[in-house]
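Everything below concerns the one structure shown next.
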Amino acid sequence: MSDRSPSSVNGGAKTQKVGTRLAHAGRSPHENHGVVNPPVYHASTILQPSYATWLESRHPDFEGYRYGRVGTPTSRSFEQAVAELYGAADAVAVSSGLAAIAGALMAVLKAGDHLLVSDSAYFPTRKFCDNMLARYGVETTYYDPAIGSGISALMRDNTKAIYTEAPGSLTFEMQDIPAIAEVAHARGAVVLTDNTWGTPLHFDPLSKGVDIVIEAVTKYICGHSDVMMGVIASTAEWAPEVRAMVKMHGNCSGPDDLYLALRGLRTMGVRLKQNEATGIALATWLESRPEVSRVYHPALPSHPDNALFKRDFTGACGLFSFVLKPVPKSALAAFLDGLELYGMGASWGGFESLILPGDPAKLRTATTWDDPGQLLRVHAGLEDPVDLIADLKAGFARLNAAAADAAA
Ligand SMILES: *Cc1c(COP(=O)(O)O)cnc(C)c1O
């Protein structure tokens, strides 16, 4: 196995369901004394046995390992698994989801290029475009996530890439990615997607016209709130550029984290079934509450993009948002501060439930967000939904009491 060559096991694996492949992808027990899981190789220096092999190891097509930063059997095992799950030519593990976004964008763009980015993209993605890419002479235009094939009106001669994310961070708009990809490819542009919400289980980006997939491994692949990692999976056309860029950045992941990510991957299917069911149960219950003005969950029939969701996705994860009818800050604090099962903190995709206030109005430029109530983003963890609903119900009782106090 080379540290550069594409995975040898992708493509054909598409005959089995992704859920099945989660158990087997990237593993070769019989190359490792029959041990089920791959070994954790802690490596910087990797010795070559002879002068001849040393010279070979300098060659770009070298089939072995040459230096810890550019690949070990542990990193290749994880990368092969992800490449196989996405049906990609190759996947590269990096130090965080944001590093995957940055690495993928830098691999496709150069000074003078124009980039289109969805207005509901993960906020640090926008920061990277507006600061880093701008500094290096790449211009970014944000577009309405609902644009679909209308994106052709925004294409310029120098538009090199279209960046998508479905559903959108915080606000959960779907995107017509196949329609966008058709326009992009007709004009010679590359399509990227952040598939952290979809995971390979619920959205198959390469079959929908995407060239480069980004996933924050930190979220569902790892699944236990204890690892930062990202991955970029690409078509054969883009895989070498992406790997070369990541290598130039010196970006890599630690062996223990790679091991945890591989372990998380094995159980992602069963975890996500529970996250999905609980998320839908919570969202449906929230829709019935008088304190709630709207629920933003693409799998609910009430979501404006539900048809698009059902067309392109095979399931949901546990992340969605809802908006409260306007209440005083003291009532919001009473609601949030007494919750027993929902932690308040960044990230998601772990075994535990989370709730986080968000303010989408401040984070967009191509569209407006005029829902006046407080948006709350919920991650449905693996707790029993009965207890999660009871916790929210008690929260609404506190909210109503505090609102009545404030009005008195
Ligand atoms: C969290 C997140 C990222 C970034 O992942 P990190 O590992 O935290 O850097 C990227 N995209 C989306 C949609 C995310 O939610």
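Here is how the numbers come out for the structure above:
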{"item": "Lys, Arg +1 and Asp, Glu -1 on Cβ, resulting dipole of the chain about Cα centre, debye, nearest 20", "result": "380 debye"}
{"item": "Estimated vicinal HN-Hα couplings, Hz - segment 343-359 in sequence order (Karplus 6.51, -1.76, 1.60; Gly, Pro = x)", "result": "x, 10, x, 6, 6, 5, x, x, 7, 10, 7, 9, 9, 8, x, x, 10"}
{"item": "Relative contact order for segment 128-198, counting Cα pairs under 8 Å that sit 6 or more residues apart, in percent", "result": "33 percent"}
{"item": "Note, ³J(HN,Hα) from phi for segment 21-36, Karplus 6.51, -1.76, 1.60, rounded to Hz, x at Gly and Pro", "result": "5, 3, 6, 10, 4, x, 10, 9, x, 7, 8, 9, 6, x, 5, 4"}
{"item": "Acute angle (nearest 10 degrees) that the helix 177-186 long axis makes with the longest principal axis of the chain, alpha-carbon atoms", "result": "50 degrees"}
{"item": "FRET E, pair SER293, HIS224, Förster distance 41 Å, beta-carbon r, rounded to 0.05", "result": "0.75"}
{"item": "Among GLY103, GLY318, GLY373, residue whose mean-square fluctuation peaks in a GNM of the chain (springs only between Cα atoms under 10 Å)", "result": "GLY373"}
{"item": "C-alpha long axis of helix 239-249 to longest principal axis of the chain, angle in °", "result": "80 degrees"}
{"item": "For VAL190, distant residues with modelled amide H under 5 Å away", "result": "ALA161, ILE162"}
{"item": "Normalised contact order of the chain, rounded percent, pairs of Cα under 8 Å and 6 or more residues apart", "result": "16 percent"}
{"item": "C-alpha center-to-center spacing [segment 287-362, segment 212-278] in angstrom", "result": "24 Å"}
{"item": "DSSP-defined antiparallel bridges as percent of all bridges, the chain, nearest 5", "result": "60 percent"}
{"item": "Net length gained if the chain between SER44 and LYS110 were fully extended (0.36 nm per residue, minus Cα distance)", "result": "20.7 nm"}
{"item": "Relative contact order %, segment 1-143, counting alpha carbon pairs below 8 Å whose residues are six or more apart", "result": "27 percent"}
{"item": "Within a Gaussian network of the chain (alpha carbon springs, distance under 10 Å), most fluctuating of PHE62, PHE172, PHE313", "result": "PHE62"}
{"item": "Accessible area expressed per residue, the chain, with surrounding protein chains retained (probe 1.4 Å, Å²)", "result": "42 Å²"}
{"item": "Three-way shape call for segment 1-146 based on the alpha-carbon gyration tensor, with the a/c threshold at 1.5", "result": "oblate"}
{"item": "Cut-off under 5 Å, modelled amide H: who pairs with TYR143 long-range", "result": "VAL117, SER118, ASP119"}
{"item": "Karplus-derived 3J(HN,Hα), 6.51/-1.76/1.60, for each residue of segment 92-106, Hz, glycine and proline x", "result": "10, 8, 10, 6, 6, x, 5, 5, 5, 4, 4, x, 5, 5, 5"}
{"item": "Candidate lysines for bridging to LYS127, where Cα separation is under 21 Å - those fewer than 8 sequence places away on the same chain excluded", "result": "LYS110, LYS160, LYS219, LYS362"}
{"item": "Residues in segment 372-390 that a label on ALA397 would reach, taking backbone N under 20 Å of a point 7 Å out along Cα→Cβ", "result": "384-390"}
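The values are calculated or read from the model by the stated rules, or taken from the named source; none is laboratory data. These numbers come from a predicted model, not from an experiment. A quick note on method: Cβ atoms are made from the backbone with ideal geometry, for glycine too, and the neighbour counts reach across all protein chains shown. Just so you know, the surface numbers come from the protein's heavy atoms only, side chains and all, with ligands and any DNA or RNA stripped out. Shrake-Rupley method; radii C 1.70, N 1.55, O 1.52, S 1.80 Å.
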